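Enquirer: Here it is, the structure, as structure tokens.
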Amino acid sequence: MDAMDTRNSAPPPDESTHFLNIIQAQIARAARLVELPEHVASILSQPKNEIIVNFPVQMDDGSYRLFKGYRIQHNNIVGPYKGGLRFHSDTRLDECKALAMIMTIKCALIDIPFGGSKGGVKCDPRALSEGELMRVTRRFTHALGSNIGPEYDIPAPDVGTNAKIMVWIMDTFMNTAGTTGRNAQTRVVTGKTLECGGSQGREKATAQGLVHCLTEWARDKGTSLEGKTALVQGYGNVGSHTAMILSRMGVSIVGVGDHTGYLLNPEGFNTHRLADHVKKTGSIQGYTTNHSATRDEFFSQKADIFIPAALQNQIGEREAKLMQVQLVAEGANSPTMPEGEAVLLSRGIDIIPDILANAGGVTVSYYEWVQNGRNESWELEEVETRLEHAMKRAYRRVTNYADERSCSMRDAAYGLALLRIKQIYEQRKIFP
Ligand code: GLU
């Protein structure tokens, strides 16, 4: 074989590259649906900037470790780059690219003036002490330098990060900014603690937004959520808050799962007690010895609603064939693979796609950013009213467009987002 011929020897794409290809293909499909000009589709097929940093951190035992961090800025035609930071041992470049693309589409769909970005640090935050976690966060922020900023790129929590970490980022950024401008920097991140400039309602915002979608879905079916049953995969911020809000509304959470395993209980779990356990111990493990189940048993469990709220690519063809639910509402980003989606839709199972179902988080991030900019602090009621309006409006637009174009809700949601981006490119054109 010719030494330069690599056609048959290219390594198979890894999981994160496959994830990126799925999102690129989804954008390309929606681009055809809305007749997006070729040059705009090609701009959106890649991120604008890909920042990779390697930075040293001193560990508690005195040794030094080099960490790798990413910030991918996909598009900022609608407004500043916006998106979460993920601390996870599997964080990869292509994963961040895919997630940044999802953010561009999500912000355009929910109609907030932000573009899309995503980033993270390849690390296991559970294996770090509090001090190590803080030093990783601060050195990462320092390494990113002016690649983030309150009018440029605004991080937020995601898998493995939280309000405490956002406050460390804010503090580091403020302390390295020029003395006189320091106090204008608080909105360099959103999802902060209330005391340090966070917004009322931000912590549960993603879950609350998802529940608004569920309410609309039930209304369209001529029913209500009360008395329904649900399975929740992932018991972090999104999963636990969704479970708690739903149980208060009379929905029984009959199954939960996380990275340590799965639990099933036909009587329904005490979602608040489980959330306390997870807060204390870091996982659902050890909550009860009675109800453990396998992953297959969890996916096969009959219920009304399935809420994936963990990582991407959880529902493939196999899982989709097992599932016995009426609806999948995507709390996680991209939990359903295309093969899984095809099976679900052919079986008449509805899907509320991630960019709609979990848009409540970034929507309240936007409210936080606005409040910080105006030195205001809104009441919880105001945040909740605005969020409900934004979610229900987006839900209606997506279902109407899906009916009009006879397409899936995912294609409709992507299509509507691309229409907004298309109009801006048409008017602004390409510089120079
Ligand atoms: N990480 C969340 C998401 O995937 C929130 C992002 C944000 O608030 O900027 O939508």
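The values are calculated or read from the model by the stated rules, or taken from the named source; none is laboratory data. It should be emphasised that the depicted structure is a prediction, and the values quoted were computed from it without experimental measurement. Glycine also receives a Cβ, built like all others from the backbone with ideal geometry; neighbour counts cover every protein chain displayed. For accessibility, only protein heavy atoms count, side chains too; no ligands or nucleic acids. Shrake-Rupley method; radii C 1.70, N 1.55, O 1.52, S 1.80 Å.
Enquirer: Calculate for the chain the 222 nm mean residue ellipticity that helices alone would give, adding -39,500 (n - 2.57) per DSSP H run of length 4 or more and normalising by residue count, nearest 500 deg cm²/dmol.
Expert: Helix-only estimate at 222 nm: -14500 deg cm²/dmol.
Enquirer: Tally up the carbon and sulfur contribution to the accessible surface of the chain as a whole percent, 1.4 Å probe, everything protein left in place.
Expert: 49 percent
Enquirer: Sticking with this one: Please compute the per residue accessible area over the range 282-432 with all protein chains in place, 1.4 Å probe, rounded to a whole number of Å².
Expert: Normalised by residue count, the accessible surface of the range 282-432 is 45 Å².
Enquirer: Okay, next question. Between the range 230-245 and the range 308-343, how many Å separate their Cα centres?
Expert: One Cα centre to the other: 16 Å.
Enquirer: Looking at the chain, which longest stretch skips every one of the GluC sites (Glu not before Pro) that is in a DSSP loop with at most 14 other Cβ atoms within 10 Å, leaving the sites themselves out?
Expert: Between exposed loop sites, the widest span is 36-150.
Enquirer: Would you kindly state how much longer the chain becomes between LYS280 and GLN58 on full extension, computed as 0.36 nm times their sequence separation minus their alpha carbon distance, in nm to one decimal?
Expert: Length gained, LYS280 through GLN58: 77.2 nm.
Enquirer: Consider just the alpha-carbon atoms of the chain and return their Rg together with their Dmax, both in angstrom.
Expert: Final numbers for Rg and Dmax: 21.3, 69 Å.
Enquirer: Kindly sort PHE269, PHE298 by accessible area of their heavy atoms, largest first, with the probe set to 1.4 Å.
Expert: Reading off the accessible areas and sorting them downward yields PHE269, PHE298.
Enquirer: Next question. Using the Karplus curve 6.51 cos²θ - 1.76 cosθ + 1.60 with θ = phi - 60°, what ³J(HN,Hα) values do you get for each residue of the range 59-66, in whole Hz, with x for Gly and Pro?
Expert: 8, 4, 7, x, 6, 10, 10, 8
Enquirer: Follow-up. First measure r as the distance between the Cβ atoms of HIS389 and ASP220, then evaluate 1/(1 + (r/R0)^6) with R0 = 22 Å and state the FRET efficiency to the nearest 0.05.
Expert: For R0 = 22 Å, the calculated efficiency reads 0.75.
Enquirer: Next question. Among the trypsin sites (Lys or Arg not before Pro) in the range 243-314, which ones are in a DSSP loop with at most 12 other Cβ atoms within 10 Å of the Cβ? Mind listing them?
Expert: Nothing satisfies the criteria.
Enquirer: Just to be sure I understand: with springs between alpha-carbon atoms less than 10 Å apart, which residue in MET323, MET249, MET391 has the highest mean-square fluctuation in the Gaussian network model of the chain?
Expert: Ranking MET323, MET249, MET391 by mean-square fluctuation puts MET249 first.
Enquirer: For the range 350-370 and the range 148-212, what is the centre-to-centre distance using only Cα atoms, to the nearest Å?
Expert: First find each Cα centre; the distance between them is then 16 Å.
Enquirer: Rounded if a/c is under 1.5, else prolate if a/b beats b/c, else oblate: with a ≥ b ≥ c from the C-alpha gyration tensor eigenvalues square-rooted, which is the range 15-91?
Expert: It comes out prolate by the Cα gyration axes.
Enquirer: Here is a follow-up. So what are the range 342-415's ellipsoid semi-axes, whole angstrom, largest first, if each one is the square root of 5 times an eigenvalue of the alpha-carbon gyration tensor?
Expert: One finds semi-axes of 31, 11, 10 Å for the range 342-415.
Enquirer: If the convex hull of the alpha-carbon atoms of the range 280-432 is projected onto planes in all directions, what is the mean projected area in square nanometres?
Expert: 13.9 nm²
Enquirer: Please check: in the Gaussian network model of the chain (C-alpha springs, under 10 Å), which one of ALA303, ALA108, ALA218 has the largest mean-square fluctuation.
Expert: Looking only at ALA303, ALA108, ALA218, the biggest GNM fluctuation is shown by ALA218.
Enquirer: On a 31 Å Cα-Cα criterion, which of the cross-link pairs LYS118/LYS204; LYS118/LYS221; LYS106/LYS429; LYS118/LYS302; LYS118/LYS422; LYS122/LYS429 come out too long?
Expert: Over 31 Å apart, Cα to Cα: LYS118/LYS221; LYS118/LYS302; LYS122/LYS429.
Enquirer: Would you mind working out the accessible area per residue for the range 184-271, using a 1.4 Å probe, and quoting it in Å²?
Expert: Heavy-atom accessible area per residue stands at 35 Å².
Enquirer: For the range 21-174, what is the accessible area per residue in Å², given a 1.4 Å probe and the full set of protein chains?
Expert: Dividing the accessible area of the range 21-174 by its residue count gives 36 Å².
Enquirer: Just the Cα atoms of the range 1-137: what Rg and Dmax do they give in Å?
Expert: 18.1, 58
Enquirer: Is the shape of the range 119-262 best called rounded, prolate or oblate, per the rule: a/c under 1.5 gives rounded, else a/b larger than b/c gives prolate, else oblate, with a ≥ b ≥ c the square roots of the Cα gyration tensor eigenvalues?
Expert: Prolate, since a/c reaches 1.5 and a/b exceeds b/c.
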